[in-house]
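Notes follow once the structure below has been shown.
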Amino acid sequence: MSGKGTTGDDPLQTAVWRLRSRACWADAAALLPPDRPAPALQRAALLVERCLYTERGWEEAEDALRTAEALAHSDDERGAAACERGQLAYTATLHGVRDRADEARAALGRAAALVPPGTPGRALLDFRRGLIAENLTRSTQAARAAYRRAHAGAAAHADPLLLSFTWRHLAGLSLREGELADARHGFAESLRIREELGYLVGTAPALASLADTEDEPEASRLREEARRLFRLLGGVPTWLSRQLTPPTPGAATA
């Protein structure tokens, strides 16, 4: 959930980004050597992200993460690996694969002890702690505080992709509380950033979320565009299908 798109002069990272943004995580991971700490950690992060979007590939992610953990030597490397460990455990819990909530909290706690405040890695860690607060602990106040810290950190370190996630999740909390204008602004910012970065796999969810804040016919237009992208990527992210399924004609509504 962190990255700067195709900016920069590194052809390898540009190729990895293009594959990642088009839901080809395994292909992106295959470009990275697994025997050095930084590439091994990036491979693990890609495969953990695939689990979030596709609800599959759990064993490959576990194997890649164990390799990254074994290669980590510095506090930064160990902290980043613990952050990915927490994300994988959170994702497994979120998708109902297995309840690993305690493992997720413990791993992110280890990461917090290793990743100094004010660093790029801390912004991502704060965001993931917000996810746990929002979706596992059900603490809106704690989630908002964590997302705001992550938002400030992503802005300070010029991490636009993470900013797209913090905008999106802060907007989701606003929508839940009936603050429609704030929600619309946040979802629109998230969509704008993802379109500018070419983060195709994250664009359909951003379109669908923005649609929830718009009136007709704009809401239907946004949802139809989200469906087009969802089909283009082969039904990824899997969890978006429920949000995009059109209501059955004649069905009763609550």
Work out the length of the dipole vector of the chain about its Cα centre, built from +1 on the beta-carbon of each Lys and Arg and -1 on the beta-carbon of each Asp and Glu, and round it to the nearest 20 debye. 200 debye
In nanometres, the difference between 0.36 nm per residue of separation and the alpha-carbon distance of Arg98 and Ser220 is 40.4 nm
Keeping every protein chain in place, order His95, His73 by accessible area at 1.4 Å, biggest value first, i.e. largest first. His73, His95
What percentage of the solvent-accessible surface of the chain, computed with a 1.4 Å probe over protein heavy atoms, is contributed by carbon and sulfur atoms? 53 percent
With all protein chains modelled, accessible area of Leu71 [1.4 Å, Å²]: 40 Å²
Nearest 10 degrees, 0 to 90: helix 200-211 Cα axis against the chain principal axis: 40 degrees
If I model a spin label as a point 7 Å beyond the Cα along the Cα-Cβ vector, how far apart are those points for Thr137 and Ala30 in nm? 4.1 nm
Cα centroid separation, segment 136-207 to segment 24-100 (Å): 23 Å
Evaluate the distance, in nm, between pseudo-label points positioned 7 Å from the Cα of Ser241 and of His185 along their respective Cα→Cβ axes. 3.7 nm
Longest site-free stretch - the chain; sites: trypsin sites (Lys or Arg not before Pro), DSSP loop, at most 16 other Cβ within 10 Å: 139-254
Given C-alpha coordinates of segment 16-167, what is the ratio Rg to Rh with the Kirkwood estimate of Rh? 0.94
Hull surface over four for the Cα convex hull of segment 97-214, reported in nm², is 7.6 nm²
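Go ahead and estimate [θ] at 222 nm for the chain from helices alone: -39,500 (n - 2.57) per DSSP H run with n ≥ 4, summed, over the residue count, rounded to 500.
It comes out at -23500 deg cm²/dmol, rounded to the nearest 500.
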Relative contact order (%) - criterion: Cα under 8 Å, at least six apart; region: the chain: 15 percent
Can you run phi through the Karplus equation (6.51, -1.76, 1.60; θ = phi - 60°) for segment 53-64 and list ³J(HN,Hα) in whole Hz, with x for Gly and Pro? 7, 10, 6, 8, x, 5, 5, 4, 5, 4, 4, 5
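Can you put Cys51, Cys24 in order of accessible area, largest first, using a 1.4 Å probe?
The ranking, largest first, comes out as Cys24, Cys51.
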Average accessible surface area per residue within the chain, 1.4 Å rolling probe, Å²: 47 Å²
Could you grab the Rg to Rh ratio for the chain? Cα atoms only, Kirkwood for Rh. 0.96
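The values are calculated or read from the model by the stated rules, or taken from the named source; none is laboratory data. Model, not experiment: these values are computed from the prediction. All Cβ positions, even for glycine, are placed from backbone atoms using ideal geometry, and neighbour counts span all protein chains on display. Keep in mind that these areas ignore ligands, DNA and RNA; they rest on the heavy atoms of the full protein, side chains included. Shrake-Rupley method; radii C 1.70, N 1.55, O 1.52, S 1.80 Å.
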